[in-house]
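S.K.: Sharing a structure, written as structure tokens. Questions coming.
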Amino acid sequence: MLYNLFILFLSFGITDAIDIFLVAIMLYQLFKMVKGTAAVNVFIGLVFIYVVWIIVRALELKLLGSILGKFINVGVIAVMVVFQQEIRKFLLYIGSNEFIKNKNWKSIILFSNQSTIASRFALDADAIINACFSMSDTNTGALIIISRKSDLKFYVNTGEIIDSALTDKMLENIFYKNSPLHDGAVIIKDNRIIAARCVLPVTEKENFPSNFGMRHRAAVGLTETTDALAITVSEQTGSVSITINGEINSNLNRDKLRYLIEKNLKN
């Protein structure tokens, strides 16, 4: 077995190096796509199993290799089922003008991530809290999404691009009942209002509490699959809630909302 590994090492050439480099780029880009979502753990698990399978084949462990090989053979179907949303997003991106016009190939080839610089912006929590409780007083419904590590670009593209400064008055104007942007969600990233009127997935939980409306369903649906924070103002009761990892924390006061926002942005 060691002899086979030695022979394999000696036969390593420039084409093998290029092959490994291209696969590394592909895996890195796929990881960036699912980073911050529930799918990232599945992605890491699949990569780990594949690496183990390669090592087992090199060591000629036939029984274990056969078992892992069967799993790998059906793995393509499993990947398509588990990552259907990410695959759809990837195909939409490939077919869009944005991909063709993208000149920032350095960030792809050199594994750099420009978003890490932007993510250092501190969130103006006061603007969000003031807007939420001002809308609560008038029973104005609202759904505010705070992006963290997850790439919410797919959901941003379903709405209207705003890209404005984050202020309480801006949020209140967006969710004003006669505003054309009041339906859907507002997405905040890097302390800016990126988009409004965004369409979010709703949860499929069968035991979802009946006293919560569609905004809460959308808040749970998004935070089940991403690490974003979702703040909801109920149109019926004026209650302010924050949803984290699919769990709703409802009937919050200003201090509790601030605590939960600051606590989860540090993680």
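Condition check ((1) touching a strand residue (DSSP E or B) at 6+ places or on another chain (Cβ under 7 Å); (2) loosely packed, with under 11 Cβ neighbours inside 10 Å; (3) over 30 Å from Leu152 (Cβ atoms); (4) at pLDDT below 80) across all residues:
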position	(1), (2), (3), (4)
Leu2	no, yes, yes, yes
Phe6	no, yes, yes, yes
Leu10	no, yes, yes, yes
Asp16	no, no, yes, yes
Gln29	no, no, no, yes
Thr37	yes, no, no, yes
Ile44	no, no, no, yes
Gly69	no, no, yes, yes
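S.K.: Please state which one of Asp255, Asp190, Asp168 is acidic (Asp, Glu) and buried (at least 16 other Cβ atoms within 10 Å of the Cβ). Walk me through how you get there before you give the answer.
M.R.: Values: Asp255 fails: buried (at least 16 other Cβ atoms within 10 Å of the Cβ); Asp190 fails: buried (at least 16 other Cβ atoms within 10 Å of the Cβ).
Sole residue among the options that is acidic (Asp, Glu) and buried (at least 16 other Cβ atoms within 10 Å of the Cβ): Asp168.
S.K.: Identify the single condition in (1) closer than 21 Å to Asp124 by Cα; (2) free of Cβ contacts under 8 Å to residues at least 12 places away in the same chain that Phe175 does not satisfy, given that it satisfies every other one.
M.R.: (2)
S.K.: Can you report the number of residues in segment 142-169 which are in contact with a strand residue (DSSP E or B) (Cβ under 6 Å, 6 or more places away or on another chain) and assigned to a loop (DSSP other than H, G, I, E, B)?
M.R.: 6
S.K.: Being under 25 Å from the mean Cα position of the chain (by Cα) and over 16 Å from Met214 (Cβ atoms) is the filter; apply it to segment 230-245 and report the residue that is modelled with the lowest pLDDT.
M.R.: Of everything passing the filter in segment 230-245, Asn245 is modelled with the lowest pLDDT.
S.K.: Could you list, in sequence order, all residues of segment 194-207 that are over 21 Å from Leu265 (Cβ atoms) and surrounded by 15 or more Cβ atoms within 10 Å (Cβ to Cβ)? If you could, list the steps in order and put the result at the bottom.
M.R.: Step one: of segment 194-207, the residues over 21 Å from Leu265 (Cβ atoms) are 196-197, 199, 201-207.
Listed by number, the residues that qualify are Ala196, Arg197, Pro201, Val202, Thr203.
S.K.: Follow-up question, since we're still on this one. Quickly run through segment 209-252 and pick out the residues that are part of a loop (DSSP other than H, G, I, E, B) and in contact with a strand residue (DSSP E or B) (Cβ under 6 Å, 6 or more places away or on another chain).
M.R.: Within segment 209-252, the subset part of a loop (DSSP other than H, G, I, E, B) is 209-213, 227-228, 234-239, 245-246, 250-252.
Answer for segment 209-252, where residues must be part of a loop (DSSP other than H, G, I, E, B) and in contact with a strand residue (DSSP E or B) (Cβ under 6 Å, 6 or more places away or on another chain): Ala228, Ser250, Leu252.
S.K.: To continue, here is another question. Can you name the residue in segment 216-229 that is closer than 11 Å to Ile145 by Cβ and over 12 Å from the mean Cα position of the chain (by Cα) and is also surrounded by the fewest Cβ atoms within 10 Å (Cβ to Cβ) among such residues?
M.R.: Ranking the qualifying residues of segment 216-229, first place goes to Ala218.
The values are calculated or read from the model by the stated rules, or taken from the named source; none is laboratory data. Please read these numbers as outputs of a predicted model, since none were measured by experiment. Positions of Cβ are backbone-derived with ideal geometry, glycine not excepted, and every protein chain shown enters the neighbour counts.
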